[in-house]
1. Under a Cβ-Cβ cut-off of 11 Å, what is the net charge of the residues other than Lys163 that fall near it, where Lys and Arg count +1 and Asp and Glu count -1?
2. Pick from Arg129, Arg99, Arg64 the residue whose mean-square fluctuation is largest in a GNM of the chain, springs joining Cα atoms under 10 Å.
3. Rounding to the nearest 10 and keeping the result within 0 to 90°, find how far the Cα-based axis of helix 41-59 lies from the longest principal axis of the chain.
4. Note down the magnitude of the dipole of the chain about its Cα centre, charges +1 on Lys and Arg C-beta and -1 on Asp and Glu C-beta and zero elsewhere, to the nearest 20 debye.
5. For Rg/Rh (Cα atoms, Kirkwood Rh), pick the label among [x] 0.94; [y] 1.07; [z] 1.62 that corresponds to the value derived from the coordinates.
6. Using 7 Å Cα-to-Cβ label points, what is the Asp177/Arg129 separation (nm, one decimal)?
7. Can you work out the Karplus-derived ³J(HN,Hα) for every residue in the range 168-174? Use 6.51 cos²θ - 1.76 cosθ + 1.60 with θ = phi - 60°, whole Hz, and x for glycine or proline.
8. 5 Å is the cut-off here: which amide hydrogens, built 1.01 Å from N in the peptide plane, fall below it relative to Thr26, excluding neighbours closer than 5 in sequence?
Amino acid sequence: MHRLSQPMVRFALLALTLLAFPGCVTERVDGDTTIFTFAWWLPLLILVGGVVSLFAGILLRQNRFGWVLMIGGPIAAIFFAPSLWNDKVTLDHQHFTQRTGLWFAPRFQDVAFADLASIDLTSETRRTRRGRSTSYYMVCHRKSGEVAKVSINDLMKQGAFQKILAEASTYGIVVNDFRDQ
């Protein structure tokens with residue numbers, strides 16, 4: 001049994017190493033529109049890792065780790081891989097859009113620069129079972145008084161975020177940074 005778990009541990013470490021490297025986000029320009037997506041290999045890696053985890057879990061089901069692999073592998077393959085495949089941020093000179101969430105329950109944001117009065121950069125820290133977790137947001141205040149809270153997720157952090165702020169500055173939109181205050 002020890003021989004079976006060592007390759008699985010190596011595979012898991014390789015997957016985590018690949019996820020930690022930059023280059024997980026691709027930037028494609030189509031005319032005046034820039035499209036940010038996760039690299040093609042990232043959801044594929046999660047899909048393959050989920051299937052491999054299922055079979056490794058079946059082989060290791062005598063202990064708790066095997067059951068974790070048997071349950072977690074299919075969850076990753078069914079829910080997270082397709083979701084990463086569909087996540088996308090688009091940016092042009094008029095607006096930006098963000099599509100995130102699980103494949104069966106996506107969240108869409110469409111924010112036109114001409115409609116914005118200001119953007120607040122905020123952070124929210126909450127307690128979790130493993131300590132604290134901080135999430136970052138762009139709170140887009142529209143001239144009509146409506147507010148759009150846009151998550152600054154990994155796709156935004158690795159490319160789109162700075163370009164969105166640069167485009168907002170061309171419209172004279174005030175950006176207030178309230179992160180980590």
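Each value in this text was obtained by applying a stated rule to the coordinates, not by laboratory testing. These numbers were taken from a predicted model, which means no experiment stands behind them. With ideal geometry, Cβ positions are generated from the backbone for all residues, glycine too; neighbour counts draw on all protein chains shown.
1. Charge balance in the 11 Å sphere: -3.
2. Between Arg129, Arg99, Arg64, it is Arg129 that shows the largest mean-square fluctuation.
3. Here the helix axis deviates by roughly 30 degrees.
4. 1140 debye
5. [y]
6. 3.6 nm
7. Karplus-based 3J(HN,Hα) across the range 168-174 equals 4, 5, 5, 8, x, 7, 6 Hz.
8. Sorted by chain and number, the residues that satisfy this are Thr37, Phe38, Ala39.
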